[in-house]
1. Mind giving me the nanometre distance, one decimal, between the label points for ALA222 and ASP143, set 7 Å out from Cα along Cα→Cβ?
2. Which FRET efficiency, nearest 0.05, do THR198 and ALA72 yield, Cβ-Cβ r, R0 30 Å?
3. Could you tell me the distance between the Cα centroids of region 118-162 and region 53-103, to the nearest Å?
4. Note down the net charge around LEU123, summing +1 for each Lys or Arg and -1 for each Asp or Glu among other residues with Cβ under 12 Å from its Cβ.
5. Considering only protein heavy atoms and a 1.4 Å probe, what is the carbon-and-sulfur percentage of the accessible area of region 83-176?
6. Around LEU217, with a cut-off of 15 angstrom between Cβ atoms, what is the net charge of the other residues, counting Lys and Arg +1 and Asp and Glu -1?
7. Which of the peptides 204-214, 75-85 is most tightly packed, and how do the rest follow, going by the mean number of other Cβ atoms within 10 Å of each residue?
8. Pull out a ≥ b ≥ c, the square roots of the eigenvalues of the alpha-carbon gyration tensor of region 193-242, then state rounded if a/c is under 1.5, prolate if not and a/b is larger than b/c, and oblate in the remaining case.
Amino acid sequence: MDEGSDSGSIWQRLTRVFHGKQADAVERAIRDASEEGELDKEEGSMLLSVLTLDDLQVQDIMTPRTDIACSAAEDSIRQVAELIVSSGHSRIPVFSGNRDNIIGIVHAKDLMRHMLDATGQDLPASAIMRDPFFVPETKNVLDLLHEFRSRKSHLAVILDEYGGTAGLVTIEDVLEQIVGDIEDEHDAPREQEISLQTDGSYLIAGRTYLEDLTEALPVVIASEEVDTLGGYLTHLAGRVPK
């Protein structure tokens, strides 16, 4: 969703629908409208998905720090441009020292005039980065959507309880909770987190949530300390496994 789009009218319509109503009353009205044929199934499902945003925290939908495409502050504009091309992302976080310390965001459109200037290509990423928008990992997703709208922002850096970078979330991540996956020509094929191998074993990504693993395979793994398989194995070993 780009700045200057007609999202304002959409928000106004949604505000009129939900204003002054409790969530359970709205859900009941949506289900009744679907059953009576006033809404088709897809529209009803989308509106119900809007209600679930209030039950989600940004940590539930963020891209974890290990999967973020980002640049060091001293990287040249040319290097950032190459990363934008290879990753397909139009906004690149910039860190100082390590990924725990995000200090800015480089927008692809800000690169253009510098890429046309041979000397400008050697400027550091820090020279053209914008201030980052930070939110805690426990922030409510619906509240974040309102902030994205009011700030005209599309990306937020998620901080953990210690102030380090936990991940990032985009407005696309939020909208996908409503309408399903949004893919474009720049999206790489999504890797399966749980894949069956030819020898009958399973290859499982460390970022796989324990609850997803339990649903997919005949195993029960639960933990009050961690959410992912990688975190569970690290907790058991007392260190990061090789």
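The values are calculated or read from the model by the stated rules, or taken from the named source; none is laboratory data. Keep in mind that this is a model prediction, so the values were computed, not measured. Quick reminder, even Gly has a Cβ in these numbers, built from the backbone with ideal geometry, and neighbours come from all protein chains shown. We work out accessible area using only protein heavy atoms, side chains counted, and drop any ligands, DNA or RNA first. Shrake-Rupley method; radii C 1.70, N 1.55, O 1.52, S 1.80 Å.
1. 2.9 nm
2. After rounding, the FRET efficiency stands at 0.15.
3. So the separation of the two Cα centres works out to 9 Å.
4. -3
5. Using a 1.4 Å probe with all protein chains present, region 83-176 comes out at 51 percent carbon and sulfur.
6. That works out to -4.
7. Listed from highest to lowest mean packing, they are 75-85, 204-214.
8. Judged from the Cα gyration tensor, region 193-242 comes out oblate (a/c at least 1.5, b/c at or above a/b).
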